[in-house]
Amino acid sequence: MSVRAFVLMLLGVGQAFGQGFAGLGTDAQGFAVPERGREFVFPRDHGAHPNYRIEWWYVTANLTGPDGAEYGLQWTLFRSALAPGEAEGWQSPQVWLGHAAVTSATTHLATERFARGGIGQAGVTAEPFSAWIDDWHMQGDSFDRMSLKATGKNFAYDVAMVAKGPLVLHGDKGYSVKSANGQASYYYSQPFFAVEGTIELPGGEVPVRGSAWVDREWSSQPLAKDQAGWDWFSLSFDTGEKLMGFRLRDNAGGGFTSATWIAADGSATPYGDGKLAATPLETSNVRGRDVPTQWRLTLGERGLDVTVGALNTQAWMDLGIPYWEGPVRVTGTHPGKGYLEMTGYDQE
C-alpha cells in the first residue's frame with residue numbers, strides 16, 4: 001500500500017476518490033455540520049471539536065534573514081475523525097497528521113508525522129493553548145503568545161509568535177460557505193502575528209523575523225462532491241491591510257470564490273462568490289505536473305489588481321496527501337507578500 005493510500009485510509013476517505021479533494025466532499029455521515037449563526041467562544045474554540053470530521057491548526061510565515069534573504073515556514077496539525085466524539089486510549093476515533101516545511105528561493109524541505117488520538121502522542125488543549133504531535137508544538141499561555149517548533153530531515157525551526165491584532169472571522173461571522181450547494185466550514189484566522197526565532201537548513205542556522213498567519217477551520221463536509229481542489233491565498237500588503245481569498249475548482253472547469261478584506265485594524269469585510277477573480281498567468285513544471293505559480297488577483301470593490309508570484313516555484317509538498325504550498329511576492333496596486341496553497345493538481 002502506498003503512503004498516500006495509507007494516509008487516506010487513516011483519514012477515513014480511502015473509498016472516496018472523486019468526492020472532493022482527499023474525500024472532503026463525502027457525506028457527513030452522522031458528524032456535526034456547521035450552522036449559520038453559531039457564536040464563537042474563545043479560548044474554547046481554539047481547542048478541538050471532535051464531533052466534526054476534519055479540523056486544522058495551520059501556520060504560514062513570511063520571514064527574512066539578516067542578509068535580506070526571504071524564507072517561508074509552514075506548520076500544520078490536522079485532526080480527522082473516523083467517527084464522531086472522543087474516547088480514552090486506543091478507543092479514540094481521532095487521527096492526527098502533522099505537516100512542516102521550510103522554503104527559500106532555492107530550497108523546499110517538508111515532512112509529516114502521524115498519530116492516533118487518545119494516547120497523548122498528539123492533541124490540542126484550549127487553555128493554556130497547546131497543539132502538538134510528538135515533539136512538534138505550537139503552544140503558549142494564550143493563543144496570542146506562542147512558541148512554534150518542528151524538526152525534519154535537514155531542517156528545523158524554533159520561533160516565537162506574538163499577536164499584534166485581533167482574530168478575524170471569515171464569511172458570515174465565521175460561517176464560511178464553500179460551494180453553491182451550501183457546503184461550509186467554521187473558519188477564523190489570526191493574521192497579525194509578529195515572529196522572531198531561528199530556522200536550521202543544511203547550510204546552518206539562520207536568525208529570522210517576520211510575520212505569521214494562523215488559520216483555524218473545522219467542518220464535516222467542507223467541499224461539494226465535484227470540487228477537485230482549491231487555490232488559497234493569504235496576503236499581507238505593505239499598507240497593513242490583508243486579504244484571504246480562495247477559489248474552489250470543480251470538475252467542469254468552474255470555480256467558487258470567497259474572500260475577506262482585512263483592514264489594518266483587523267476589521268473584516270467578506271466578499272461572496274464571484275467578487276474575487278483569480279486567474280493563472282504562468283505555470284511551472286513541478287514534479288512532472290503543470291502547476292500555476294503566478295496569478296492575477298482582482299477585487300474590484302477594493303481596487304485590488306495584483307500579481308502573485310511564487311518565491312520558489314518548486315514548493316511541492318511531496319507527502320502522503322501531496323499539494324503545493326509556499327511563500328509568494330505580491331506586486332501591483334497593493335504590493336506585499338504572503339502564502340499560496342494549491343491542492344488537487346496531482347489528480348488533474
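Only the coordinates and a few stated rules stand behind these numbers; no lab work does. For clarity, every value in this text was computed on a predicted model and none was experimentally measured. Counting neighbours? That spans all protein chains shown, and the Cβs are built from the backbone with ideal geometry, glycine included.
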For the stretch 77-214, what is one quarter of the convex hull surface built on the Cα atoms, given in nm²?
-> 10.4 nm²
Summing +1 per Lys or Arg and -1 per Asp or Glu among the other residues with Cβ less than 15 Å from ALA212's Cβ gives 0
How much length, in nm to one decimal, is gained on full extension between GLN121 and THR331, taken as 0.36 nm per residue of separation minus their Cα-Cα distance?
-> 71.3 nm
What percent does the relative contact order of the stretch 3-343 come to when contacts are Cα pairs within less than 8 Å and at least six residues apart?
-> 16 percent
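Please compute the alpha carbon radius of gyration of the stretch 27-94, then divide it by the globular-protein estimate 2.2 N^0.38 Å. Two decimals is fine.
On the way: Rg = 17.2 Å, N = 68, 2.2 N^0.38 = 10.9 Å.
The stretch 27-94 yields a ratio of 1.57.
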In whole angstrom, note down how far apart the Cα centers of the stretch 252-293 and the stretch 59-111 are.
-> 21 Å
Counting only residues 5 or more places away or on other chains, whose amide H sits under 5 Å from the amide H of MET317 once H atoms are built in the peptide plane?
-> TYR323, TRP324, GLU325
Rounded if a/c under 1.5, otherwise prolate or oblate - the stretch 227-348, Cα gyration tensor axes = prolate
Within a Gaussian network of the chain (alpha carbon springs, distance under 10 Å), most fluctuating of GLU39, GLU282, GLU127 = GLU39
In whole angstrom, how far apart do the alpha carbon centroids of the stretch 303-335 and the stretch 149-168 sit?
-> 19 Å
When the chain is modelled as a GNM with alpha-carbon springs shorter than 10 Å, which of ASP144, ASP135, ASP172 fluctuates the most?
-> ASP135
Over the stretch 146-217, what is the mean sequence separation of C-alpha contacts under 8 Å (at least six apart), divided by residue count, expressed as relative contact order in percent?
-> 31 percent
Positive dipole terminus of the stretch 3-343, leading residue within THR198, LEU235, GLY274 (C-beta point charges) = GLY274
Cα Rg, Dmax, the chain, angstrom units = 18.6, 53
Net charge near ILE54, counting Lys/Arg +1 and Asp/Glu -1 over other residues with Cβ under 11 Å of its Cβ?
-> 0
In a shell of Cβ-Cβ distance under 13 Å around SER147, excluding SER147 itself, what net charge do Lys and Arg (+1) and Asp and Glu (-1) give?
-> -3
Counting each DSSP H run of 4 or more residues in the chain as -39500 (n - 2.57), what helix-only mean residue ellipticity at 222 nm follows after dividing by all residues, to the nearest 500 deg cm²/dmol?
-> -500 deg cm²/dmol
Lysine-lysine proximity count for the chain, Cα under 30 Å, sequence distance 8 or more or distinct chains | 21
Which of these, GLN139, GLN294, GLN29, has the largest mean-square fluctuation under a Gaussian network model of the chain (Cα springs below 10 Å)?
-> GLN29
Inter-site label distance for GLU88 and ARG145 at 7 Å from Cα along Cβ, in nm | 3.5 nm
